Each structure stands twice: as structure tokens, then as C-alpha cells.
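Worksheet: one structure, shown below.
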Amino acid sequence: MARTLVLFALAAALITPAWLAVAEPAPRGSEALPMLALALAATLVVGFVRRLAVRALAFAALTVGAASSAFGIPLTDARPFDGEHDFVGPLLAAVRDGFRDFYEVRIPFDAVAHWQMGGLVLLAVFGFATATGVLVAARRPLAAASTLLVGVAWPATMAATWVPGARPLVTGAATLVAFLAFLFVLGREQLRGAAQAAVFGTVLVVAALLAATSDAVAKPAFLQWEQWDLYDRPSPPVSVRYVWESNYDGIVFPKEPTVVLKVRVPSTSRSLYWRATTLDEYNGWTWDESLELSDPSPAEAVEVNELDAMLPREARNEDGWVRQDVTVEALEDNHLIGSAQPVKWEPGASAPAQVADNGVVLLPQGLSRGQRYSVWSYVPRLRARALARLPAEYPESLSRYLEILPGIEAPSFGAPGREMQMRAVLGNRFGTIQDHAALYREARRAVRGAESPYEVAAALEAWFRGGGDFLYNETPRSFGTTAPLPFFVTESKQGYCQNFAGAMALMLRFLGVPARVAAGFTSGDYSDEKGEWTVTDRNAHTWVEVYFPGHGWLPFDPTPGRGVLSAPYSVASPDFDPRAAAALGFRSELMDYLDLQGVDGPGQGALEARDPFPAAGSRGGGGGGAADAGRTVLVPVLLILALAVVAVVAGKALYRGLRLARRDPRALATACRRDLVGFLLDQRVPVPASATLGELGDLVQRRFGVDARPFVGQVNAARFAPPATGERAARRTRRELGRVRRGLRGQLSLASRVRGALSLRSLAA
């Protein structure tokens, strides 16, 4: 008992810091104490409790408790969206995500952002401490020392270089001392074998130290185990950087969608758009992102409502907030994604964050797979009547959102003498101005009769969606040397979301309505069971945001067939009420569009009927991925099961090989007897502890019809013969053991062989 406790403490002191060092900031040592306590309990139970059933049940209970503590998942965990109590599901998901993250995240990793990886690290502490302790209790010196060596060396191979602050020489020397101590304390009767193993261990440690400290070794190829593709990994993380900078040359979506985000919206299943940023500046050719960022600073929560001066007063009321819990699946970017008009963020990472004046939050170190964060957004539910009454009264800070060309601002809608001012601006014969003059004429024609900024926005949205004879085309005609957006509006009339959103936002500015382009993703596919939106790379999208006094920036989507806004004021919404629009009393492209579609009642799911390119999926637009998400869940689970089977079979083979690697004839004879007993135990054949060798042979003959008498004779010869003949008898004993085992396997069915291969009963023999 004393030896077991001392050696267990030595192993724990080396294994724990080695694994905790792969995270930054490293988990507190107090978080590993429950793991070590459970590992010690497992060691004592497996090592000193005689009844196999009790040991198995206790070990299983301790392992489940360790998993619960490592991942912070209570055994009575209740899923917050379906009300079901489930421990296994969340645990397997956490293990899967953590295991997958080790293929994508650089070491040392952020333990706050990647809590699943942190859970696996704590579980590794429990696993290696338990395995080492159990082998110590079973008096298996070489196996225990080798397990300790792997448990300390493995985390050191997770990076191309040692993690910051590590002391490889000290760690290597301490590991070598512990290796030798295990062999000496547990195996003093086998000094020759211990000396050989010590030499072998010394070579391993020295080689590892040289590999870790020498620049001549190709460490990324040699040590980075996380680059070994052991599973059918998903498509590479998708960069959607092109969304944040306008591009009118065409787009190509990949053949297979890749899930980039999963978003849970606890309070509602409304179809929201997930915004990454806004493109605020138009340079005469493209829309560009222009952010005034704060200095990077770490913060558990970011209060945007204290920084974004354009948020309306109503946004301060938490009753109107919509919470979103986002999980990053495969997205390479540094923008936090969330619904428009965010008021509060919890970035879910200890890395510094930067906040822009438009509410956008950036993580300079970028997002990473598995990262979770939360955002609260102000999402008002407004109807056409309420918005149509709003006057065109804008604060001075919005002047930049009326800039139609660099350095040229349009007067606001309804301003006195507005038309005269626009004629003066557009009277310039410069080519770019003339291209945009044609666009302005189209804008005036599309919204004729509109009497408020809202009517202008709704009319343009309807014009692009159907009244203007536009077509959605991901490979439109080349615009040549003409400015792309005027060419799209006046000539080609074919394009994709960036053409539609960029043109509508620019036309709104020409008409005196503050507007900008928003970039991000459509809502995706909704799962009622999980209360979760699945967003793929095919949901990448741009749309328009229009400013309304008292309500802030509201989204409009002019692209046919790409999205379903859950906004009753928008023509792109199934909840849009044409009767309310008709009651506003204006004749414009909006009413022509509604007449063209034959829509005479509220809602009626009109959008699906009139969009020429209906969005894929049950809800939202732009492609599915729920079925693929289900398959991606199954693959890691099957992989884990397959790895577990391989680990059991390989571990048993290694354990058997070590047990039979004896040079002393008497020790080898004893090992061969134990091996045969273990084979019988794996087949659930009880063997009395007091059974003699002759009784063991009779049991094999009686149950399986295999003659074990030659084996019994050779074992007795090896145990009791003089040294001169004992070695020959020992070699014959091994041959006879192989013959008996082959005979036994020949009597077994395939199911029995598989069951025996996976059974752990032989480890107790």
C-alpha cells in the first residue's frame, strides 16, 4: 500500500503539470485535484478489491464522475431547449468537439475559449494517473513506467516547440528518475530486465530532449501529432473574407456545404440575419469596411450600448433584447457574428477584444473552432405604418451615410431645394459622375410617389425583388470599364447579393436616405428539436441597413430568393402586410410589384410564391446542412468507438507480450499459466484461484476438448527442472501455450472471439 501511494504521488506530480501546460492561461491546479482524487480512488479499487464485478462498477462510476467534473456537465444536466435530461449526449459532443479542436487550434490554446479542449486535458490527467496507479497496484513495473513516460512526453509533442515557460531538461530528468524508481521499487527481483529497461528509457528521454531543443530536427513533421489525419475531418475552415469587401466579378459556392456557425436563440425562432460587419464607405467602385476601433483590451463582457452613439434609446431596455449563443464550427475570421444592433457581447475568450463605433466587435487573434460566445441584440418588431410616419430627421453624425461619392454628400430626403442641389452635383461631365447619374434617374423612377424614407426603402426593395426585371445570377456579365453598380442597375440587371445590396444602398443615399451594406449570413436552417440555427458557407450574404430615427439601423434584403427576413415591414418577409402598404396612399414600384404578384392579403407566405430562386432548407435561405451536421456527429462517435476497440486490443497484446517477455524459466512458466487463465476468463469461464496446474488442464479438456497435457508437462518441467534443461522447457512451454490457444480459438464462434478480444478480465489474471 505504501509503495503504491508513493509511486502514485510521484506520477501525479509529473503528469499533471505536463498536461496543464498545453493551455494558456493554464487551468488552475485546483481543477486537477478532483481528477487526481478520482484516479487515486480508481487505483485503490482496481488494485485491492477482489471481486471483479465490484471493481468494474466502481471504475465505471469513477470514470463517469471524472468526465462530469472535467467538462463541467452535471450528471443531471438538463438541455435548456428541449427540457430533456441527458448526460451522455452533451458529454459525447464535448469530447468530439475537444478532440477535433486539437487538429485546428495552435498550442498553447485559450482554455476559456476552448473549454472542451480543457476538459480533455483534465480527463487525460485522470486517465494517465489512473492507468499508472492501477499498473503500480498490480505490480507491473515496466508497464507502469512506460505509461508514466507516455503521460509526460505526449503533451510535450503537441507543439513544434516547447510551450512557453516549460523547462524540458528538468522535466526530462525528473521523468527519467521516476522511470528508474518505478522499475527499482516494483521490480527488484528482475534487476537484469530493469537495467535493460532503464537504458531503453534513457535513450527515449534523451532523444525527446534533443528533438525538442535542436533546430536540426524537423519538429513540425516529427512531433506534431495533431497533423495526423486520424478521422474524416470536415472541410477546411472557410474564409468568408470576400464578403467583407465588395466583389462584383462573380462567386462560386463549394459543391459541399460546410457548417460555419451554430446559433441558439433561446427566446424565439425568428429568422434573423447574422451580421459580421458593415460596409460604410463607397469609393465610386466598391463598398469597403471602415472601422474606428478601440484599443485591444480583455473583457468578460463588452457593453456596445455605451459605445455606439447610433443605437436608439429603446435599445437600452433589456426587455427588447434577443440573446444568441453562437458556436464557431469552421470560420476563419476575427469578427464576432451576431444579429444587427448588438448591445452586449460576451466574447467567450480571454484574448483582447476591440470595439468599433458601429457596434462591430473584433478579436485580433481571430475566432477558432469550437469557440462559444453570446450576444444580445436589439431587434424591434415594427410594421409599415409605424415607419412610414417617421420624418427624415437625421443627426449630424449620420452625414457619412449620405456620401454618394468620395467627398460628395447628398442632401437628405425632403430637404428644401434638394433637386437643384442634385442637378448641380450630377451636372459634372466626368465619366464616373455620369455613370452614377443614370443610376440616380433609375432610383427616382423606381420610387415615384414615395413620401417618406420608409416608402423609398420599401419601394426599392420591391423593385429589385420583382418590379425591375432583375435576375439572380452568380456569374453575371462583365462590367468592363464601367462602374459596376450603375452597369448592374441600368444595363445587365443580373447579379448576386453584393450587386443587389450595393446598388440599393447607393440608390438610397442618392435619394437622401442614410444606408449602408451589411455583410454576414442569412439565418440558415432551424431545428425545432435543438432550438438551433445551422449556418453554412452557402448562407454567406450581404443586405442593406437603413437608418430610422428612434429605431436605429433596420435590415432590408433586395436580393431575390436569398433570404427570409423576420421583419413585418420588409417586402422580403412572409409577415409583410400589403393592405397596410396600400393604406399608406402612395403609388410606386412597391404597389406595382405587389399588383404584379397578385398579392391582396396579409402575409399568405407570398415570398415563397414570388421568388424565382427559392431558398433551400425548411427555414431561412441559402442552403442547408442539417443532414450533413447529423452525419458529422456520427462520424466522430464511430471513430471514438473504433479507436477504443483498437486501444483495447493493442493494449492487451502489449500487456501479454510484456508478461511473456521473461528470461527466467520459472517466471516464464508462471506467466504462461496466467496467460491461459486470462484467456479462459475472457471467455467467461470461471477459474478457481486455488486451481492447480493439473486441474487447469482438466478444465480446458472438459470445456473445450483441447488436450492441454503437453502444456502442463512443459510448465512443470520449466518450474522444477535444473537450470540446464529449464530454458529448453521454457521455450517449449511457450510453443505449447500457442498450440493450446489456437485449439481454443478453433472451438469458439466469431462472436465469442470478438467478445474475448474486447474483454478486460484477463488483465486481472
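Amide H of Arg516 versus every other amide H placed in the peptide plane: which residues, excluding those fewer than 5 positions away on the same chain, fall under 5 Å?
Amide H to amide H, under 5 Å and 5 or more residues apart or across chains, Arg516 pairs with Glu545.
Which order do Asp249, Asp325 take when ranked by solvent-accessible area (1.4 Å probe, heavy atoms of all protein chains), largest first?
Largest to smallest exposure gives the sequence Asp249, Asp325.
Roughly how many Å² of Ser749 are accessible to a 1.4 Å probe, to the nearest 10?
We get 60 Å² for Ser749.
Hey, can you find the accessible area per residue of the range 426-545 for me, probe 1.4 Å, expressed in square angstrom?
Per-residue value: 29 Å².
In terms of modelled amide H atoms, which long-range or inter-chain residues lie less than 5 Å from the amide H of Val343?
Placed amide hydrogens put Trp376, Ser377, Tyr378 under 5 Å from Val343.
Using a 1.4 angstrom probe, figure out how much accessible area the range 673-736 has per residue, in square angstrom, rounded to the nearest whole.
Heavy-atom SASA per residue in the range 673-736 reads 55 Å².
What are the lysines whose alpha-carbon lies under 22 Å from the alpha-carbon of Lys530, with same-chain residues fewer than 8 places away excluded?
Once the sequence-local lysines are set aside, what remains near Lys530 is Lys262.
Grab the beta carbon distance between Thr692 and Lys255, set R0 = 41 Å, and tell me the FRET efficiency rounded to 0.05.
About 0.05, to the nearest 0.05.
Stretch Ala757-Asp319 to full length: gain in nm at 0.36 nm per residue minus the Cα-Cα span?
Value of the extension gain: 151.7 nm.
Ignoring ligands, DNA and RNA, what percent of the 1.4 Å accessible area of the range 394-479 is carbon and sulfur?
Using a 1.4 Å probe with all protein chains present, the range 394-479 comes out at 51 percent carbon and sulfur.
Excluding Pro486 itself, calculate the net charge of residues whose Cβ lies under 11 Å from the Cβ of Pro486, where each Lys or Arg counts +1 and each Asp or Glu counts -1.
-2
May I ask you to derive the relative contact order of the range 338-493, considering only C-alpha pairs under 8 Å and at least 6 residues apart, and to give it as an integer percent?
Once normalised by length, the contact order is 18 percent.
Heavy atoms only, probe 1.4 Å: what % of the accessible area of the range 251-294 goes to carbon and sulfur, would you let me know?
Summing carbon and sulfur atoms, their accessible area is 49 percent of the total for the range 251-294.
Quick one: accessible area per residue over the range 253-388, 1.4 Å probe, rounded to a whole number of Å²?
That works out to 39 Å² for each residue.
Give me the number: length gained by fully extending Glu409 to Leu643, i.e. 0.36 nm times residue separation minus the C-alpha to C-alpha distance, one decimal in nm.
Full-extension gain reported as 77.8 nm.
With all protein chains present, how much of the accessible area of the range 647-765 (probe radius 1.4 Å) comes from carbon and sulfur, to the nearest whole percent?
54 percent
Would you please put 384-394, 137-147 in order of how densely packed they are, using the mean number of other Cβ atoms within 10 angstrom per residue and starting with the highest?
Packing order, densest peptide first, comes out as 137-147, 384-394.
Sorted by packing (mean other beta-carbon atoms within 10 Å per residue), highest first, where do 507-520, 665-678, 464-477 land?
By packing density, highest mean first, the sequence is 507-520, 665-678, 464-477.
Can you give me the distance in nm between label points at Ala653 and Glu727, each placed 7 Å from the Cα along the Cα-to-Cβ direction?
Between Ala653 and Glu727, the label points sit 2.9 nm apart.
Provide the packing ranking of 52-63, 545-556, i.e. peptides ordered by the mean count of other C-beta atoms within 10 Å per residue, highest first.
In decreasing order of mean packing, 52-63, 545-556 become 545-556, 52-63.
Using a 1.4 Å probe and ignoring any ligands, DNA or RNA, find the accessible area of Glu281 and quote it in Å² to the nearest 10.
90 Å²
Which length gain, in nm to one decimal place, applies between Arg445 and Ala61 when the Cα-Cα distance is subtracted from 0.36 nm times their residue separation?
130.9 nm
The values are calculated or read from the model by the stated rules, or taken from the named source; none is laboratory data. Since the structure is predicted, the reported quantities are computational estimates derived from the model, not experimental observations. Please note: Cβ atoms are built from the backbone with ideal geometry, for glycine as well, and neighbour counts cover all protein chains shown. What goes into the accessible areas is simple: the full protein's heavy atoms, side chains included, and nothing from ligands, DNA or RNA. Shrake-Rupley method; radii C 1.70, N 1.55, O 1.52, S 1.80 Å.
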